[in-house]
Amino acid sequence: MLEASLLKHLTLAVMRGQCRASQDPHRPGWHLAPCVGLLNDPNGFIYHAGYYHLFYQWNPLDCRHGSKFWGHWCSTDLVHWEHQPVALVPSEAYESHGCYSGSAVIADDLITLIYTGNVKYPDGSRTAFQCLAQENPRGEFDKLGPVLSLPTGYTGHVRDPKVWQHHGQWYMVLGAQDLQLQGKVLLLRSDNLREWHNLGEIAGSHLGGLGPFGYMWECPDLFRLAEQDVLIFCPQGIAAESERYRNTFQAGYLLGQLDYANASYSHQDFHELDAGFEFYAPQTTVAADGRRLLFGWMGIPDDDEFYQPTVAYGWIHTMTCPRELSMQGNQLIQQPARELTALRREYRQWQGPAQEAPYLPINSAEMIIDVNAPFSLELGHTLHLAWDGERITLSRNNLRTGLREFRYWRGQLHQLQLLCDRCSIEIFINQGEAVMTSSYFPPDLPRAIFSGSAELHLQHWLLSSPMLE
Ligand code: FRU
């Protein structure tokens, strides 16, 4: 009954809101965005039988974080996406306050979702259940109910299961907060996805040499890349430093070796995945050809999000572009998925001193900039990038406070690759050595304006806007 009622309200929200949302000049041309309401984490990203499936945290009823549904898109090429039936509606008692984040696996040749049923109580406390849902022939998902309740020793903040198979067994990492209010990642094992054995904490605040490292770790993801076991997670409660950890919450990774037999993980230092203003809750999967692909949420759950002008049009947030990961020595490399080159139109190139460069349109465009000397770049009069020979400074005015805010990347710059859409810019540094991802809301017909005397080689494409059908 509740499910039917929620679906009626969802339909109403779409009927009322879609037209207004589509009129927003900041509506992206080629990034995934909710048709109405609020989008956050990518969920259940998986490739199966010729299709990529991407699910997403969605509040269709409002532009705020509320009760979360799972929306569902699929694609054969990572460029053209199609809506699918809404996958999860928070209708059951064990998910009364949201079908929170999770992942997908293929079991018995069916897409199976593992997600968190979030339950809040009137006294402010909460609990969480890890739940299953399985694809049916109509492309809907049948709920199989909770398979795991709160493990002892943790608060109600235990969520975001990421599941994979290894040597014939299922493994899960879970984000958790222990009773001392420290963020942790738990590893669990199962033969059948239904009964889970908690193998213990494999990483966390005060573990593995990290020292105090946050009160909650969200959205863990663990996978093998080259010779490393990469653990991605989002720690909350890390103090800002002068050049890093400057967002309210971080998204980053550890490299190390997971010992499955002893359920232990030895790892190196934490690195942020992104040095821009908006990037959180990334999730990866394996592509048809074995590449490790990643989508992130181009947002941060903090007080600033709701000042974005798209809220007036009844929608908020997008995914990042799909990215492919690789390892170079001890460095995680992120590059735009090569499939995105299918969007390129109208190639032009230019060479000369920065200040003489043409004002290039960046409404929906890609730019590759080869440069070895200091220069600066203004993007749609909204975002400013400067390279001073030692570091990149990205700055803008905060939408809530109006104050100038800054993000940094330190290193030797050779090349920038910018992917621009109407409400975002993703800046890939030195072929993916680092990324600065940001939403931004420029006035009409934004352009890139260079200054400085550095010699530049510019390549520029307009990007087409494939329909999300
Ligand atoms: C991360 C997160 C997850 C949670 C989801 C709820 O952005 O807080 O931990 O499952 O969002 O929407």
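The values are calculated or read from the model by the stated rules, or taken from the named source; none is laboratory data. It should be emphasised that the depicted structure is a prediction, and the values quoted were computed from it without experimental measurement. Methodologically, a virtual Cβ is constructed for each residue, glycine included, from the backbone with ideal geometry; neighbour enumeration extends over all protein chains shown. All accessible areas refer to the heavy atoms of the entire protein, side chains included, with ligands and DNA or RNA removed. Shrake-Rupley method; radii C 1.70, N 1.55, O 1.52, S 1.80 Å.
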Just need a number here: residues in the range 56-86 that are among the aliphatic types (A, V, I, L, M) and open to solvent by less than 10 Å² (accessible area, probe 1.4 Å). 1
Scanning the range 426-454 residue by residue, those under 18 Å from Pro28 (Cβ atoms) and touching a helix residue (DSSP H, G or I) at 6+ places or on another chain (Cβ under 8 Å) turn out to be Phe441
Residue check for Phe295: within 16 Å of the ligand (Cβ to nearest atom), assigned to a strand (DSSP E or B) and under 24 Å from Ala251 (Cα atoms): yes
Within the range 433-453, can you find the residues that are surrounded by fewer than 20 Cβ atoms within 10 Å (Cβ to Cβ), aliphatic (A, V, I, L, M) and modelled with pLDDT of 95 or more? Ile449
Does Val147 satisfy the criteria of being away from the ligand (no atom under 16 Å from the Cβ), closer than 14 Å to Pro161 by Cβ and over 24 Å from the mean Cα position of the chain (by Cα)? yes
The range 134-187: strands (runs of 3 or more DSSP E) wholly inside it with 1 or more residues that are closer than 18 Å to Val89 by Cα are 141-148, 154-166
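Among the residues of the range 146-160, which ones are free of Cβ contacts under 8 Å to residues at least 60 places away in the same chain and buried (at least 20 other Cβ atoms within 10 Å of the Cβ)?
Leu148, His157, Val158, Arg159, listed by residue number.
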Would you tally the residues in the range 39-67 being hydrophobic (A, V, I, L, M, F, W, C) and in a strand (DSSP E or B)? 6
Give me the pairs, please: first residue somewhere in the range 91-109 and in contact (Cβ under 8 Å) with a residue 24 or more places away in the chain and away from the ligand (no atom under 11 Å from the Cβ), second residue anywhere and outside any strand (DSSP E or B) and of a type outside the set (D, E, K, R), beta-carbon distance under 7 Å, and either six or more positions apart or on two chains. Ser91/Leu2; Ser91/Leu6; Ser96/Pro90; Ala107/Leu193
So in the range 333-390, with the set limited to residues that are over 25 Å from Pro443 (Cβ atoms) and among the hydroxyl-bearing types (Ser, Thr, Tyr), which one is surrounded by the most Cβ atoms within 10 Å (Cβ to Cβ)? Thr341
Could you give me the residue pairs with C-beta distances under 6 Å whose first residue belongs to the range 63-82 and is touching a residue at least 60 places away in the same chain (Cβ under 8 Å) and more than 16 Å from the ligand (Cβ to nearest atom), whose second residue is open to solvent by less than 50 Å² (accessible area, probe 1.4 Å) and not in a strand (DSSP E or B) wherever it lies, and which are 6+ apart or on separate chains? Asp77/Glu339; Leu78/Pro322; Leu78/Ala337; Leu78/Glu339; Val79/Glu339; Val79/Pro466; His80/Pro466
Close pairs (6 angstrom Cβ cut-off, 6 or more residues apart or separate chains): closer than 9 Å to Asp160 by Cβ in the range 173-184, among the acidic types (Asp, Glu) and within 14 Å of the ligand (Cβ to nearest atom) anywhere: Gly175/Asp160; Gly175/Glu218
Under 7 Å by Cβ, and 6 or more places apart or on different chains, what pairs join a residue from the range 231-248 that is farther than 20 Å from Gly208 by Cβ and open to solvent by 20 Å² or more (accessible area, probe 1.4 Å) with one that is within 12 Å of the ligand (Cβ to nearest atom) and assigned to a strand (DSSP E or B)? none
Identify all residues within the range 405-432 that are outside any strand (DSSP E or B) and open to solvent by 10 Å² or more (accessible area, probe 1.4 Å); write none if there are none. Gly411, Gln412, His414, Arg422, Asn430, Gln431
Residue within the range 275-288 that is at pLDDT below 95 and either within 14 Å of the ligand (Cβ to nearest atom) or assigned to a loop (DSSP other than H, G, I, E, B) (or both) present: yes
Top-ranked residue of the range 318-358 - restricted to ones that are hydroxyl-bearing (Ser, Thr, Tyr) and in contact (Cβ under 8 Å) with a residue 60 or more places away in the chain, ranked as farthest from Phe279 (Cα to Cα): Tyr347
If I ask for residues that are on the phi < 0 side of the Ramachandran plot, touching a residue at least 60 places away in the same chain (Cβ under 8 Å) and among the small types (Gly, Ala, Ser), which ones from the range 6-46 would you list? Gly17, Ala21, Gly29, Ala33
